[in-house]
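Rule-based calculations on the coordinates, nothing more; no lab input. Bear in mind that the values here come from a model prediction, so they are computed numbers and not experimental data. Don't worry about glycine lacking a Cβ; one is built from the backbone with ideal geometry, like all the others, and counts go over all protein chains shown.
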Amino acid sequence: MPMAYEVMLVKERTLKYILIGISMAFLTLMLILPLVVIASEALSKGWSTYLAAITDPFARKAMWLTLEATLAAVICNTVFGLAAAWLLTRFSFPGKNMLSSLIDLPFAISPVIAGLVFIMMFGRISYLHNFLMTHHLTIVFAAPGIILATIFVTFPFVAREIIPMMNAQGKDEEEAATTMGAGGFTIFRRITLPKIKWGLMYGVILCTARAMGEFGAVSVVSGHIRGKTTTLPLHIEILYNEYNFTAAFAVASILVLLAIIILVLRNFIEWRSKKEA
Amino acid sequence: MDTYVELAHIYKKFGDFEASHDVNFVVEQGKLVGLLGPSGSGKTTILRMLAGLDTPDSGDILINGQRVNDKAPGERGIGFVFQNYALFRHMTVFDNIAFGLTLQKLKKQALRERVESLIELIGLKGFEKRYPAQLSGGQRQRVAFARALAPNPQLLLLDEPFAAIDAKVRKELRQWLRQTIGKLGITSIFVTHDQEEAVEVADEIIITNKGRIEQKGTPIQIYKEPRTPFVAQFIGESNRIEDYTVFKGFDRLNGRMKEATAGILRPEFIEIAKDADEILTPLAAEKGVVQTTFFRGNVIQVNVEVKGELLNGYRTLEQPPLYAGDEVFVLIHRVYCFDGTKTTVVENRIKSEINSVFI
């Protein structure tokens, strides 16, 4: 049967090239081409226009707000993610499964609805409105609302990344440390954290990426006040709607750059964690 | 000998599962004790409660005369060796062993000396900078042992210490552990489901079954005088027979009620002889028919049918071979018989009478 075997090999090889071809074509069309378009559009009117667009005060404000919201989301969700993972993997209690699925809720809900929820909660129609007014607190159509919406949308990333990890690793090492007299915080710092650090970083990176790019929820709570409540994605939309394509693409290129940095970091972390395991 | 560990009326449930039911025992200072039982019999729970990793529902745990129920694991003066070692995977051998000492805020020099002496004890010099993933199973086991010993515990608890190691290394490690613990003189309790391991390593064995303690004693006591039917069946090889009074030498009931006739026969209680010349007291022997024989390396196992019961015994390679269908003499020396929840040893009456005549 050598002939049949060879025919099979040829068939398999052909299939391989066809699959590679399809993937490449798809990737070029859907990913590479858009990136090239962004770069070429951004630079279409030369460097000076590009620099002017990204150093524009409104753009810089948007950048700061994006960074603020991202940082807040990462910090909040890391703390929450660690606490939730600890709770869900080390204890059993009634409603555990319920809590576990609730963590995934932001993945399932459309970001627009998330944004609307915050408007309902803190906006004019809310019962809390009077309380907030008397204490001079503005949440919606202001930076706090944007931060809240970003936190909501990126809520599950860290927890989802480390829960399976902690489940797989079990609690033996923590118990071993307990028998040697280590307290809760020492165990967390010296045993648990080092064990999950790569997973945690991976979760943080995904959370960062999502927080920076979030559009839907933020758009609803922002109110689009230029220089005040616009993040980078919102700023890009405004520029685009004003037919200021070059500036829109210039600002977009910043987000693309950040995304590429994150991608590189992500690969580095994957490589490191594989090396250690 | 002083009592070092005492468990009094310990009860523990996990949901509906009763892991400990009125568990009572004491362990004397310096003893190496094996908790032996089938899986799910509650032996690991006992160990974990001693360590403070689980809390009993009721009852007292005393270590060195003090009630430790409310003490944190780290305050009980124990060292714990986990079944899968639970070495800190992101730490080197040195750091693993040093962990407990760093918590005691030991001076750097003293810490180094202590860790180095322990590494010497476990024979892993030159491996200090290795990570657990770079060690063999036996080496990991030793590191776990040294790590547990580092803070100078007064009581060492080992959960299935040899379960995850391949058979050949296991035997060496058992001997090594027994010697090392003996040298250190530290009171130790280990959990195992392997009776060979328990018999070989332990000074005393505690048999657990369904959350209860069945018997505690030296390996020889447990073997020769099993106190409950469970122990009689669990320890050694055993053939359960429904009615031992049908056999020659056991027919007189000695006032026993007829219903208590079930018994346990061990291969070593049975002598299988090719002819009357091969045994001292042929009068006390039954006649049987060989069913099958198996070569078992150092002995030959013979399965023989006697009065409808299938029994097995051993013959040495030096004795004349037997074949299926041969008629043989089967001398039953003794039987473990059940009397309610107690087990008693019944000797072959005819054999004893003949022997006393000879004397």
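I'd like the Karplus ³J(HN,Hα) series for the range A:265-272: coefficients 6.51, -1.76, 1.60, θ = phi - 60°, whole numbers in Hz, and an x wherever there's a Gly or Pro.
Values, residue by residue: 4, 4, 5, 4, 5, 4, 5, 5 Hz.
By counting other Cβ atoms within 10 Å of each Cβ, how are A:Ile225, B:Ile272, A:Ile119 ranked from fewest to most?
A:Ile225, A:Ile119, B:Ile272
Taking θ = phi - 60°, what integer Hz values does the Karplus form 6.51 cos²θ - 1.76 cosθ + 1.60 yield along the range B:172-179, in sequence order, with x for Gly and Pro?
4, 5, 4, 4, 4, 5, 4, 5
Given H placed 1.01 Å from N in the peptide plane, which residues other than close sequence neighbours of B:Thr187 have an amide H under 5 Å from its amide H?
B:Gly30, B:Leu156
Kindly rank B:212-221, A:205-214 from highest to lowest mean number of other beta carbons found within 10 Å of each residue.
Per-residue Cβ counts within 10 Å, averaged per peptide and sorted highest first, yield A:205-214, B:212-221.
Quick query: amide H of B:Phe80 versus all other amide H atoms, modeled in the peptide plane; which residues come in under 5 Å with a sequence gap of 5 or more or a different chain?
Here the answer is B:Leu157, since their amide H atoms fall under 5 Å of that of B:Phe80.
Quick check on the range A:46-276: take the gyration tensor over C-alpha atoms, sort the square-rooted eigenvalues as a ≥ b ≥ c, and tell me if it's rounded (a/c under 1.5), prolate or oblate.
Values: a/c = 2.69, a/b = 1.52, b/c = 1.77.
Note, shape of the range A:46-276 comes out oblate.
Relative contact order of chain B, please, whole-number percent, based on alpha carbon pairs below 8 angstrom and at least 6 residues apart.
Here the relative contact order equals 16 percent.
How crowded by other chains is B:140-149, given as the mean number of beta carbons from other chains within 10 Å of each beta carbon?
1
By the scheme Lys and Arg +1, Asp and Glu -1, what is the net charge of all other residues having a beta-carbon under 15 Å from that of B:Gln134?
+3
With labels modelled as points extended 7 Å from the Cα through the Cβ direction, what inter-label distance (nm, one decimal) is found for B:Ala110 paired with B:Asp251?
With each label point 7 Å from Cα toward Cβ, the separation is 7.7 nm.
How many Cβ atoms of partner chains, on average, are near each residue of B:77-88 if near means within 10 Å of its Cβ?
Other-chain Cβ atoms within 10 Å of each residue's Cβ, averaged: 4.
Can you list residues from other chains, or at least 5 along the same chain, whose modelled amide H is less than 5 Å from the amide H of B:Leu35?
Counting only residues 5 or more places away or on other chains, the set is B:Phe190, B:Val191, B:Thr192, B:Ile206.
Fewest Cβ neighbours within 10 Å first, please rank A:Thr14, A:Thr192, A:Thr231 accordingly. Kindly include the intermediate steps, with their values, before the conclusion.
Values: A:Thr14 10, A:Thr192 22, A:Thr231 31.
So the residues, fewest neighbours to most, are A:Thr14, A:Thr192, A:Thr231.
Give the Rg (one decimal place) followed by the Dmax (whole number) of the range A:106-173, computed from C-alpha coordinates and expressed in Å.
Radius of gyration, then largest Cα-Cα span, for the range A:106-173: 17.0, 52 Å.
Each residue of the range A:214-227 in turn: what ³J(HN,Hα) in whole Hz from Karplus with 6.51, -1.76, 1.60 and θ = phi - 60°, glycine and Pro shown as x?
4, 10, x, 5, 5, 4, 5, 7, 6, x, 6, 8, 4, x
How well do other chains shield peptide B:100-108, expressed as the mean number of their Cβ atoms within 10 Å of each residue Cβ?
Details: counts 6, 1, 4, 7, 2, 0, 0, 0, 0.
Per residue, the average neighbour count from other chains is 2.
For B:Glu309, what charge total do you get from the other residues with a beta carbon under 9 Å from its beta carbon, if Lys and Arg give +1 and Asp and Glu give -1?
Details: positive: B:Lys307; negative: B:Glu242, B:Asp243, B:Glu305.
With Lys, Arg at +1 and Asp, Glu at -1, the net is -2.
Order B:197-204, B:241-248, B:303-310 from most to least packed using the mean count of other Cβ atoms within 10 Å.
B:197-204, B:241-248, B:303-310
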